[in-house]
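The values are calculated or read from the model by the stated rules, or taken from the named source; none is laboratory data. Here the structure is a predicted model, which means the values were calculated and not measured. Quick reminder, even Gly has a Cβ in these numbers, built from the backbone with ideal geometry, and neighbours come from all protein chains shown. The area values use the complete protein model at the heavy-atom level, side chains included, leaving out ligands, DNA and RNA. Shrake-Rupley method; radii C 1.70, N 1.55, O 1.52, S 1.80 Å.
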Amino acid sequence: MNRLRGLAGSAGRAGPLDERVAAARARVWRVVRPRQVPLRADLLRHRGALGDSPLRAVSTPKGCAVQVLLVILFEVTCRRTRLEAGRPTTRALRHSEVEGRPSWQELIATPTVNRRRSTGTARTPEDNRSEQLRAALARLEAHGRIQARYPEGRGRFEGFALLNEASDNLTSSATTYRRPKDDEPAIKVPVEFWINGWVHVLSDSEIVTYLYLLARSEQDRRDGGDGEVAVSAEDWEWAFGGDRAGLVAQRHLARFGLIDVERAEGRRSDGTVEGGGAEDAELPFTAHRYRLIDDGLRYRAAPKVLRALKNAHDLDLDTATWPLLHSAAPDGWTFEGAVAELQHERLAAPPTTS
């Protein structure tokens, strides 16, 4: 929550970082005003014995490489022609001298605080953000997502080029990025995901989960369905392998008002068996069902997520402290029932107000 407060809190005359980044991305978007950003589905596909998907492979606990890669894909989609999308960037990394043309640093939200160098002089938040951006670009290059212009030096990422987001660009010839053709299968992500800040507010696992559910929903609609999909534990392996991160992340996405979840009977919200005893091991698994909330992305992400997390924290605290604050429980109240209600509330979307 502290990171989110750093994004949405006051930042003096410049305004909150979340708002500044949103305004910068909106200026980029206005060049051609695309409604969606197409992402190749294999960007999310777990590679089995070869490891994580291209998107999860660049993720680190405190880094911003996932955000940077997705913002780069947003930016190339906003270029005027398909040919321009594959060319090296002409956008400055840190300071832009062209009015109305944001730098890459202005498009990335990485809140930091003042820190001290070993010499005792203060490093500004902008210096720290610049270092985080360079670290993210270095990780993307190491995983074959971008190509640096120079082999070394502080300016090596000036003029970097995006490579195909889903190809193996390390063990085979690097594939220059080309925007997916209109008839090419791709996940079509609404631009509000970037402009309203969801790309820098959600965790990396929540981003992968949302994009995966979006891909499944789009496929269901192409097959004549209504976009509501059942996702089993085995289905989650397509994006996460054996990791349960998707089952955990979907609870947060529901809390943030991005998806509706119909929980399977006999299962908790994270997919585990109620009771958890050995006698439940043979309980057949019925998949949770998911529906994306159509207007979920149209709200500013930072304030909405902060409110949802505070509501969840308050509910946790109420449940934990009830036995300490009350000598007698109300009729019908049990601790087990309160825990079950808590699990249910974590699947409920917060009020859809901006």
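General remarks:
- Meets criteria (more than 14 Å from the chain's Cα centre (by Cα), assigned to a helix (DSSP H, G or I) and of a type in the set (Asp, Glu)) for GLU206: no
- If you go through segment 47-63 and pick out every residue that is surrounded by fewer than 22 Cβ atoms within 10 Å (Cβ to Cβ) and assigned to a helix (DSSP H, G or I), you end up with 4.
- Single residue of VAL199, VAL191 found to be in contact (Cβ under 8 Å) with a residue 60 or more places away in the chain, within 30 Å of ALA148 (Cα to Cα) and within 12 Å of the chain's Cα centre (by Cα): VAL199
- Qualifying positions in segment 64-85 - free of Cβ contacts under 8 Å to residues at least 24 places away in the same chain and either in contact with a helix residue (DSSP H, G or I) (Cβ under 9 Å, 6 or more places away or on another chain) or crowded, with 22+ Cβ neighbours inside 10 Å (or both): GLU84
- Consider segment 186-204 and keep the residues that are of a type in the set (Gly, Ala, Ser) and open to solvent by less than 20 Å² (accessible area, probe 1.4 Å). The one that is nearest to ASP220 (Cα to Cα) is ALA186.
- Top-ranked residue in segment 3-20 [being modelled with pLDDT of 70 or more and touching a Pro at 6+ places or on another chain (Cβ under 9 Å); ranked as surrounded by the fewest Cβ atoms within 10 Å (Cβ to Cβ)]: ARG5
- Taking segment 90-119 as the range and being among the hydrophobic types (A, V, I, L, M, F, W, C) and modelled with pLDDT under 90 as the test, the residues that pass are VAL98, VAL113.
- Selection within segment 209-235 - assigned to a helix (DSSP H, G or I) and in contact (Cβ under 8 Å) with a residue 12 or more places away in the chain: THR209, TYR210, LEU211, TYR212, LEU213, LEU214, ALA215, ARG216, SER217, GLU218, ALA233, ASP235
- Subset of segment 32-46 (residues that are open to solvent by less than 40 Å² (accessible area, probe 1.4 Å) and within 18 Å of GLU206 (Cβ to Cβ)): VAL37, LEU39, LEU43, LEU44
- Considering segment 53-83, the residues that are modelled with pLDDT under 95 and charged (D, E, K, R) include one that is nearest to the chain's Cα centre (by Cα), namely LYS62.
- Condition check for ARG179: closer than 19 Å to VAL58 by Cβ and in contact (Cβ under 8 Å) with a residue 24 or more places away in the chain: no
- Residue within segment 218-230 that is exposed (fewer than 15 other Cβ atoms within 10 Å of the Cβ) and either closer than 27 Å to THR110 by Cα or among the aliphatic types (A, V, I, L, M) (or both) present: yes
- Here is the figure for segment 245-272: residues that are open to solvent by less than 30 Å² (accessible area, probe 1.4 Å) and at pLDDT below 70 total 5.
- Pairing residues of segment 280-293 that are within 14 Å of ALA233 (Cβ to Cβ) and open to solvent by 70 Å² or more (accessible area, probe 1.4 Å) with residues that are part of a helix (DSSP H, G or I) and modelled with pLDDT of 50 or more, at Cβ distances under 8 Å and at least 6 apart in sequence or on separate chains, gives PHE285/ALA233.
- Here GLY242 passes the criteria (1) at pLDDT 85 or above; (2) in a helix (DSSP H, G or I) except the one numbered (2).
- Filtered residues of segment 164-185 (kept if buried (at least 18 other Cβ atoms within 10 Å of the Cβ) and of a type in the set (Lys, Arg)): ARG179
- Matching residues, segment 86-112, being open to solvent by less than 40 Å² (accessible area, probe 1.4 Å) and within 17 Å of ALA26 (Cβ to Cβ): ARG91, PRO102, SER103, TRP104, GLN105, LEU107, ILE108, ALA109
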